[in-house]
1. If you check residue 225 against the conditions, is it open to solvent by 50 Å² or more (accessible area, probe 1.4 Å) and touching a residue at least 40 places away in the same chain (Cβ under 8 Å)?
2. Going by the structure shown, is residue 58 at pLDDT below 95, at negative phi and not assigned by TED's automatic domain parsing to the domain that holds residue 316?
3. Quick check: is even one residue across segment 182-201 in contact (Cβ under 8 Å) with a residue 40 or more places away in the chain, touching a Leu at 6+ places or on another chain (Cβ under 7 Å) and either farther than 26 Å from residue 314 by Cβ or outside the structural domain of residue 408 (by TED's automatic domain parsing) (or both)?
4. Are any residues in segment 105-120 modelled with pLDDT under 95 and either farther than 18 Å from residue 80 by Cβ or not hydrophobic (A, V, I, L, M, F, W, C) (or both), and if so, which ones?
5. Among the numbered criteria (1) open to solvent by less than 20 Å² (accessible area, probe 1.4 Å); (2) of a type in the set (A, V, I, L, M); (3) within 16 Å of the ligand (Cβ to nearest atom); (4) in a helix (DSSP H, G or I), which one does residue 200 miss?
6. Suppose we filter segment 292-326 for residues that are within 13 Å of the ligand (Cβ to nearest atom) and open to solvent by 10 Å² or more (accessible area, probe 1.4 Å); how many remain?
7. With respect to the numbered conditions (1) within 28 Å of residue 91 (Cβ to Cβ); (2) open to solvent by less than 40 Å² (accessible area, probe 1.4 Å); (3) not small (Gly, Ala, Ser), which one is the sole condition not fulfilled by residue 335?
8. Inspect all residues belonging to segment 179-191 and state whether any of them is at pLDDT 95 or above, among the charged types (D, E, K, R), out of contact with any Gly (no Cβ under 9 Å at 6 or more places or on another chain) and within 16 Å of the ligand (Cβ to nearest atom).
Amino acid sequence: MSERGEAVGVIGVGWVGLVTAACFAELGHRVIARDIVPEKVEALTRGDVAIHEPGLTEMIHRNAERITFTTSMEELLEGARLLFTCVDTPPTYSGDADLSRVRAVVAELGEDSGHVLVMKSTVPAGTGESIRRDRPGLSYVSCPEFLKEGTAVADFMHPDRVVVGADAGDEEAADAVAALYAPLGEEGEILRTDVASAEMIKLASNAFLATKISFINEIANVCEEVGADVGEVARGMGADTRIGSSFLRAGIGYGGSCFPKDVSALKMLAGNTGYHFQLLTSVIEVNELQKRRVVGKLEKHLGSLIGKRIALLGLAFKPDTDDMREASSLVLSARLQGEGAEVVAYDPVAVERASPMLTSVEMADSAIAALEGADAAVLVTEWGEFRDLDWAAAAEKMARPLIVDGRNFLDPTAMAAAGFEYEGIGRQARPAPTKVS
Ligand code: UGA
């Protein structure tokens, strides 16, 4: 037993599991976190945190005495009753969620362990019901995660809402899970639902956010044609509280381990019931096309890209993470190389993860080094350091100071003053001022 009641169990210490373990420990609980990969467990026991997530390493070190990392399922089952399952559910080739790791956990738990399986992994609606059918001795609670990479620790501690889904018979288990989150209750509502609804809340939330992004991206594309500025349009739209201002940043498309996977999983889930989810088909297509539009923007200025040196600034799917899953940089670099361009890239933290995925891309060790001699730059990830770059000095070093700002992150007027031809997404292009010598 810990300072605050029973120990919390965590199964799978990837990104979600590790944040969950650290934050429950921070709330004063003893945590037993189990993973099947011995090297991962050994590293975490030594205090080596391989995941780049602001505040996480410090939180794990601060609470080291409260967290036990183990490979042993027996140790976990002996020490904890509530088992937060945080194994990944990657997409299969057809777009469904691959539930093999979830099934492996259920198999290990056995017939009747008296434990509560608290599902944090994102699973299709219906998964909880089928697990309950197979393992009637196990209590089941759906508690989807809504953490964002880069702000996961803060999101856990200050949730908009916590969803706790349980079906008849598992009310006591749901009470126990809700009690763990009670100290955060002032921050966000604890919503009690049935299991299928909790599962759908997770998928529908991610799909809706992805829809917002694809929507604003299409608005941006129209803005370019009609002389409007998508930033202004989003500001005006977002001021309507029914719409809200978040997730209306136009750019070169969403990536990451969640939106692409969950949108396609929801589409497949609907399809499996015989319902064609028309809207999500378009959301996915718009996202794919958006990444490719950058190529057209470069060609508009440079003509053929054959032999042109293009610098990618940022590789991670978003700033403050080294996560490369479904990153727009992967599609973009392949497209640019397909057009005959030479690609050089820089990212403040993701180079190590990106290098094996982008073997034919030259990796630079600074933004300036990447820009040197380049015919154009594309800002792919909005890392803060790009805003502070000495762009006038960068312009001097480039073969042609042309930038496509894929995240509308830089100030177009300042970039033009620094000598750049500037193109954003849904913003009007700005030519560099002609130099008077
Ligand atoms: C997303 C959700 O936001 C979380 O609530 C959810 O828990 C998580 O998925 C998950 O299911 O695990 P995450 O993938 O970490 O979180 O990242 P987001 O910050 O949501 O960004 C996703 C992508 O959308 C990024 O590529 C980002 O650049 C892009 N984006 C975001 C835009 O293009 N425009 C925006 O306005 C916002």
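The values are calculated or read from the model by the stated rules, or taken from the named source; none is laboratory data. Everything quoted here is computed from the prediction, not taken from an experiment. Here Cβ is always computed from backbone atoms with ideal geometry, including for glycine, and neighbour counts include all displayed protein chains. Note: accessible area is taken over every heavy atom of the protein model, side chains too, but ligands, DNA and RNA are not part of it. Shrake-Rupley method; radii C 1.70, N 1.55, O 1.52, S 1.80 Å.
1. no
2. no
3. Yes, there is a match, as at least one residue in segment 182-201 is in contact (Cβ under 8 Å) with a residue 40 or more places away in the chain, touching a Leu at 6+ places or on another chain (Cβ under 7 Å) and either farther than 26 Å from residue 314 by Cβ or outside the structural domain of residue 408 (by TED's automatic domain parsing) (or both).
4. 107, 108, 110, 111, 112, 113, 114, 115
5. The single condition residue 200 does not satisfy is (1).
6. 8
7. (2)
8. No, the conditions are met nowhere in segment 179-191.
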